[in-house]
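As structure tokens, the structure follows; a few thoughts come after it.
The values are calculated or read from the model by the stated rules, or taken from the named source; none is laboratory data. As the structure is a computational prediction, the values presented were derived from the model and not from experiment. Counting neighbours? That spans all protein chains shown, and the Cβs are built from the backbone with ideal geometry, glycine included.
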Amino acid sequence: MKPLSRRTLAKAALLGGASAALAGPAAHASAAPFVPVLPAPTGPHPVGVVRHAFTDRGRTDPWDPARGARQVVVSAVYPARTVAGLPRAPQLTAAEAAAFGLIAPLVRGLPAAGVDWAGTLTHAHAGAPPLPGRRPVVLYTPGGGDARTLGSGLAEELASHGAVVVLVDHPGEATQVELPDGTVRETVLFGPPDPATFRTMVDTRVADLRLVLDRLGELPLGTVPDPRRTGIYGHSAGGTAAALLAARDPRIRAVADLEGYLDLEPWPGHRPLLLMDTEGFEGAERIARSWAGLRARRRTLRAANHWVFTDHAAVVPQLHAAGLVTDAVRDGLVGPGDAAAAFATVRRELRAFFGGTLGRTGR
């Protein structure tokens, strides 16, 4: 693995004081770093995972043109036949965890010290043999600046109930992503994007997702995703991109938007649509305007905030209980309410929505 860049280390040094103030006690590491625990999936199937990368030779990377062809990294999570003897995969690789530990305090107010991000395990087992059958496939695109790994809990839930879920990273925008050559590519975005940058984000995501759709057959799964039963869900900017892809690509049969604006282009209304938002989101007025009049299944989570749709729903309350983040940080990320209950609601809604539109099991 190559070391973290001087740019990241410099940003951490310059902004470390501010992040420590946000996190309060988190700046003081204990002798035994805290290891967050992710919620287990509820379905009948154990879960496997494989990582893969796609290269789009026809497209130059929009965030760093010097890199040449656009490269996209994914994790495919799927129902496994058995996981006997196989360890659980970490949420982050060691290199990704090191980068996240430096960047997260700057963009989320998470602890600057005292957390073993590399120790957090998913409930998926790398390389597990897949359960046979043709299965519905669901793509996931994360929130603006977030990595695909923050969607592990939702993906594993759907996979444990029979779907193949492909979590898509968007390098250059994601907080961090380890590339196949072992380097870690870090985010170029700090702070809210201006309208032009947001449009670049969304258009890049749509192109990334189309690349993955075009080449699903290259995933080393040993099982066959059913292209006739393909859905997508996304959080925040990912919800915006998911809806735009669904509007343009007939291969997408159903879309779930987890608190993403839908005012960039008109929604055509010819796909099943699930809309979920939170009571605490600072962009609630824009969400309400952009969703007004849409024919959709809709659910609002009370006493919750924007990142309750991610693994932060489990992790942030644990950090708060351990004295590693303040009330303000917790409330700003997942809200003051019962984040575990809210996340369970998100799981149930996605499971019911995709089960009803794509089918629950393979044929």
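Quick look at the numbers
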{"read-out": "Count of the stretch 299-311 residues which are under 15 Å from Thr120 (Cα atoms) and touching a His at 6+ places or on another chain (Cβ under 9 Å)", "value": "1"}
{"read-out": "Selected residue (only one of Pro171, Pro192 is surrounded by fewer than 24 Cβ atoms within 10 Å (Cβ to Cβ) and in a loop (DSSP other than H, G, I, E, B))", "value": "Pro192"}
{"read-out": "Pairs where the first residue, in the stretch 263-280, is without any contact (Cβ under 8 Å) to a residue 40 or more places away in the chain and surrounded by 15 or more Cβ atoms within 10 Å (Cβ to Cβ) and the second is in a loop (DSSP other than H, G, I, E, B) and not β-branched (Val, Ile, Thr), C-beta under 6 Å, 6+ apart", "value": "Trp267/Leu294; Leu273/Ala296; Leu275/Ala296; Asp277/Glu259"}
{"read-out": "Single residue of the stretch 309-334 satisfying the filter (under 20 Å from Ala256 (Cβ atoms) and of a type outside the set (D, E, K, R)) that is surrounded by the fewest Cβ atoms within 10 Å (Cβ to Cβ)", "value": "Ala314"}
{"read-out": "Test set (1) modelled with pLDDT of 95 or more; (2) polar (S, T, N, Q); (3) out of contact with any Ser or Thr (no Cβ under 6 Å at 6 or more places or on another chain) - Asn305 fails condition number", "value": "(3)"}
{"read-out": "Candidate set from the stretch 107-124 (those that are part of a strand (DSSP E or B) and either among the polar types (S, T, N, Q) or under 18 Å from the mean Cα position of the chain (by Cα) (or both)); member that is surrounded by the most Cβ atoms within 10 Å (Cβ to Cβ)", "value": "Ala124"}
{"read-out": "Selected residue (only one of Ala97, Ala89 is under 18 Å from Gly153 (Cα atoms), at pLDDT 95 or above and in a strand (DSSP E or B))", "value": "Ala89"}
{"read-out": "The stretch 70-106, residues that are in contact with a helix residue (DSSP H, G or I) (Cβ under 7 Å, 6 or more places away or on another chain), crowded, with 21+ Cβ neighbours inside 10 Å and small (Gly, Ala, Ser)", "value": "Ser75, Ala97, Ala99, Gly101"}
{"read-out": "Residue check for Thr300: surrounded by fewer than 23 Cβ atoms within 10 Å (Cβ to Cβ), under 19 Å from Leu154 (Cβ atoms) and out of contact with any Pro (no Cβ under 7 Å at 6 or more places or on another chain)", "value": "yes"}
{"read-out": "Those strands (runs of 3 or more DSSP E) lying entirely in the stretch 203-289 with at least 1 residues more than 30 Å from Ala303 (Cα to Cα), β-branched (Val, Ile, Thr) and more than 21 Å from the chain's Cα centre (by Cα)", "value": "224-235"}
{"read-out": "Test: residue in the stretch 137-144 that is touching a Leu at 6+ places or on another chain (Cβ under 7 Å) and in a helix (DSSP H, G or I)", "value": "no"}
{"read-out": "Pairs where the first residue, in the stretch 344-363, is within 13 Å of Gly43 (Cβ to Cβ) and crowded, with 16+ Cβ neighbours inside 10 Å and the second is of a type in the set (D, E, K, R) and at pLDDT 95 or above, C-beta under 9 Å, 6+ apart", "value": "Arg347/Glu157; Leu350/Glu157; Arg351/Glu157"}
